[in-house]
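Below is one structure, written out as structure tokens, with a few remarks after it.
The values are calculated or read from the model by the stated rules, or taken from the named source; none is laboratory data. All values reported here derive from a predicted model rather than from experimental measurement. Cβ placement follows ideal geometry from the backbone for every residue including glycine, while neighbour counts extend to all protein chains displayed. The accessibility values were calculated without ligands, DNA or RNA, using every heavy atom of the protein model including side chains. Shrake-Rupley method; radii C 1.70, N 1.55, O 1.52, S 1.80 Å.
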Amino acid sequence: MTKAKELFTAVPKLHNCAQAVVDGAGGAPELVAEMATCGGGRAPDGYCGALWGALTMCPEKAEQIKADFKAACGALTCKEIKAIAKTPCPECVECAACCLVKWRS
């Protein structure tokens, strides 16, 4: 289990999906706080919040991260993931974190 997934599933819940990915990747506290508005389908362009967190941490590899994420989770937007792909949020968080690790190195 990735650090991001641990943060996302922890009780009490202190991180949304975007915050969990950013904090799990060692993002600055200010960036983690900024991601508070990006969970629950509220990330820019409707992106999955977990994906948005990964894209924010590694914008230079955005296309590669999006391709890997879509292959694993079935879609890029929260709405499509929930309605069509049915990938659970904790899995999206773990996938986004793994994509970020892969493309940051």
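Using amide H atoms built 1.01 Å from N in the peptide plane, name the residues 5+ places from G41, or on other chains, whose amide H lies under 5 Å from its own.
Amide H neighbours of G41, under 5 Å, 5+ apart: G49.
Could you pull out every residue, at least 5 positions away or on a different chain, whose amide H is within less than 5 Å of the one on T77? Hs are placed 1.01 Å off N in the peptide plane, and Pro or chain starts have none.
Amide H to amide H, under 5 Å and 5 or more residues apart or across chains, T77 pairs with C48.
Which of the trypsin sites (Lys or Arg not before Pro) across the stretch 19-105 are loop residues per DSSP, with 11 or fewer other Cβ within 10 Å?
When the trypsin sites (Lys or Arg not before Pro) of the stretch 19-105 are filtered for loop state and at most 11 Cβ neighbours within 10 Å, K86 remain.
For the stretch 89-102, what does the Karplus curve 6.51 cos²θ - 1.76 cosθ + 1.60, with θ = phi - 60°, yield as ³J(HN,Hα) per residue in whole Hz, taken in order and with x for Gly and Pro?
3, x, 5, 5, 4, 5, 5, 4, 5, 5, 4, 4, 4, 4
Quick one: Cα centre-to-centre distance for the stretch 59-105 and the stretch 1-50, in angstrom?
The stretch 59-105 and the stretch 1-50 have Cα centres spaced 13 Å from each other.
Which residue fluctuates most in the GNM of the chain (Cα springs below 10 Å): A75, A43, A28?
Evaluated over the chain, the most mobile residue of the options is A28.
List nothing, just return the count: lysine pairs in the stretch 1-80, 8 or more apart or interchain, with Cα separation under 15 Å.
Values: K3/K13; K5/K13; K61/K70; K70/K79.
Lysine pairs meeting the criterion: 4.
Would you kindly derive the ³J(HN,Hα) couplings of the stretch 54-70 from the backbone phi angles with the Karplus curve 6.51 cos²θ - 1.76 cosθ + 1.60 (θ = phi - 60°), listing them in order in whole Hz, with x for Gly and Pro?
5, 5, 5, 7, 9, x, 5, 10, 4, 5, 5, 5, 4, 5, 5, 4, 5
With every protein chain present, what is the per residue accessible area of the chain (1.4 Å probe, Å²)?
On a per-residue basis, 52 Å².
Determine the order of I65, I84 by accessible area, beginning with the largest, at a probe radius of 1.4 Å. Don't skip to the end; give the middle numbers.
Details: I65 0, I84 135 Å².
Largest accessible area first, the list is I84, I65.
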